[in-house]
1. Could you check Ile108 against (1) under 18 Å from Trp123 (Cα atoms); (2) modelled with pLDDT under 95 and say which number it fails?
2. So if I check each of Gln412, Gln425, which one is modelled with pLDDT of 95 or more and either surrounded by 22 or more Cβ atoms within 10 Å (Cβ to Cβ) or in contact with a Phe, Trp or Tyr (Cβ under 8 Å, 6 or more places away or on another chain) (or both)?
3. Give the residues of segment 260-280 that are part of a helix (DSSP H, G or I) and either of a type in the set (Gly, Ala, Ser) or not assigned by TED's automatic domain parsing to the domain that holds Val308 (or both), sorted by residue number.
4. Among the candidates Ala340, Ala332, which residue alone is at pLDDT 95 or above, crowded, with 20+ Cβ neighbours inside 10 Å and more than 20 Å from the chain's Cα centre (by Cα)?
5. Spot the failing condition for Leu363; the list is (1) more than 25 Å from Pro230 (Cβ to Cβ); (2) in the same structural domain as Asp126 (by TED's automatic domain parsing), and only one is missed.
6. Kindly provide the set of residues from segment 113-160 that are assigned to a strand (DSSP E or B) and either crowded, with 16+ Cβ neighbours inside 10 Å or not assigned by TED's automatic domain parsing to the domain that holds Gly101 (or both), ordered by number.
7. Which residues, counting only those in segment 388-437, are in contact with a strand residue (DSSP E or B) (Cβ under 7 Å, 6 or more places away or on another chain) and of a type in the set (Ser, Thr, Tyr)?
8. Only one residue in Gly174, Gly257, Gly201 is touching a strand residue (DSSP E or B) at 6+ places or on another chain (Cβ under 8 Å), on the phi > 0 side of the Ramachandran plot and either surrounded by 23 or more Cβ atoms within 10 Å (Cβ to Cβ) or not in a helix (DSSP H, G or I) (or both). Which one?
Amino acid sequence: MKRTRIGGRRGAELSRKDFLRLGGAGLAGAALLGAAGCGGGGESSSGEVIFSWGPDDTGVLPKLIQKFNEQHKGEFQVRYREMPSDTGQYFDQLRTEFQAGGGDTDVIGGDVIWPAQFAASGWISDLSDRFTDTDAFLPGPMQAMTYDGKVWGVPWYTDSGLLYYRRDLLEQAGFSGPPATWEELKEMGLQTKQDTGTQLGFAFQGAEYEGGVCNGLEYIRTHGGEVLDPNDPSKVIIDSPESAAGLETWHSMIEDGVTTQAVLQYKEDESYGAFIRGDAIFLRNWPYVYALLSNPEESEITPDQVGVAPIPVSEGNQSYSTLGGWNFLINAASDVQDEAWEFVRWMTDPEQLKTNAIEGSRLPVRRSLYEDQEVLEKVPVARLGKEAIIDNATPRPVSPYYSDISLELAEQFNAALAGDVSPEQAVKTLQSDLQSIVEEGQAAG
């Protein structure tokens, strides 16, 4: 992602060096960093709740905060503290403030991959006793909010990987619908390239960064593999024939000519840019891309030329998409815990989530809103509903050492995609390196 707007429609971007080294095994024992503009200590009073998040380019967040404040006059007010738009810088600033004693924020708008890391260090509040209607929320976001058997955040909106396809070009090549399997995608992409003269069969995020991790996980999981044992996240299980097969299929997209070698440097902008210019038949990206199709200044193709489908699978396996999204966390050092919770509860009520979906084009996290006709009409990607978003969206490995884990995944996934290492060697290396990260983190804790 070249442009990183936390309040916009892109998935969270972190440069490999700035994000992936920010936490993980060294989190608990990291040396205190210099102040990043705000001191510690928690300065909010009982009359004010400070909410931190990045710039909101949709305008929905300030509108909702104003509405909340009008409804709570005479009680307390919420102040929006705008944080850096770059997710890595935001994370770094929060971590610095936490280490200094808590910081100025009461409620944190947090990335879906943060809760386990923050919870393991005691920086955010356990919300298990307050957040009791968890079944009303999508399972993927709730899984990401759960660590060590406790719930540490409330989902706000969600993202998941989706397959976009040129309906019109597939029809020209004699195909009546999207591919269900990776082999079908390859066949359809190659045939449609030949028949229509389109440059690329498939565009996706293959660069060595967090987005590449999200893509690689989808190949591994749709082949039956996994990184950590779901029942014991301290156990690494990535070294399996299934995981290797997933990375082999990924590499075959380049080897078989479905995509270009340049995909090794593609992030979100490069991949969706190729698609909306009309240069690609298939695209793996996040839900925000659909909104770009309706803007003639952004896209040379229109929504009626495009379909959206779940991530393909290997034969006999289930579709999985990597979960993205943002959530509400409460600073454990805040002295306004009750007020902070009231704001979080209000912001995640169906009415506010519906506004955020319709006006901000953000996918809602409550199950009921995927049956709301106005949401389905005005947020087209939500029409995929249960199959692509509710059932298939799966968090990245939930671990307090995720940042270090992600660094290794990004490196080996990119090397396997390029063909610099075999898929078997990549998963073997990851098995050893990730297990060391977990064990070192546990020893340091």
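The values are calculated or read from the model by the stated rules, or taken from the named source; none is laboratory data. Because the structure is predicted, anything quoted here is derived from the model rather than measured. As a convention, Cβ positions derive from the backbone with ideal geometry for all residues, glycine included, and neighbour counts pool all protein chains shown.
1. Only one criterion is unmet by Ile108, namely (2).
2. Values: Gln425 fails: either surrounded by 22 or more Cβ atoms within 10 Å (Cβ to Cβ) or in contact with a Phe, Trp or Tyr (Cβ under 8 Å, 6 or more places away or on another chain) (or both).
Within the list Gln412, Gln425, the selection yields Gln412.
3. The first filter runs over segment 260-280 and keeps only residues part of a helix (DSSP H, G or I), leaving 261-265, 268-276.
Hits for segment 260-280 are Ala262, Ser271, Gly273, Ala274.
4. Going through Ala340, Ala332 in turn, just one is at pLDDT 95 or above, crowded, with 20+ Cβ neighbours inside 10 Å and more than 20 Å from the chain's Cα centre (by Cα): Ala340.
5. Condition (1) is where Leu363 drops out.
6. Our first condition is that a residue be assigned to a strand (DSSP E or B); within segment 113-160, this holds for 124, 137, 146-147, 150-151, 154-160.
Ile124, Phe137, Thr146, Tyr147, Val151, Val154, Pro155, Trp156, Tyr157, Thr158, Asp159, Ser160 - these are the residues of segment 113-160 that are assigned to a strand (DSSP E or B) and either crowded, with 16+ Cβ neighbours inside 10 Å or not assigned by TED's automatic domain parsing to the domain that holds Gly101 (or both).
7. Kept after step one, since they are in contact with a strand residue (DSSP E or B) (Cβ under 7 Å, 6 or more places away or on another chain), are these residues of segment 388-437: 388-389, 392-399, 431, 434-435.
Hits for segment 388-437 are Thr394, Ser399.
8. Gly257 is the lone residue from the list that is touching a strand residue (DSSP E or B) at 6+ places or on another chain (Cβ under 8 Å), on the phi > 0 side of the Ramachandran plot and either surrounded by 23 or more Cβ atoms within 10 Å (Cβ to Cβ) or not in a helix (DSSP H, G or I) (or both).
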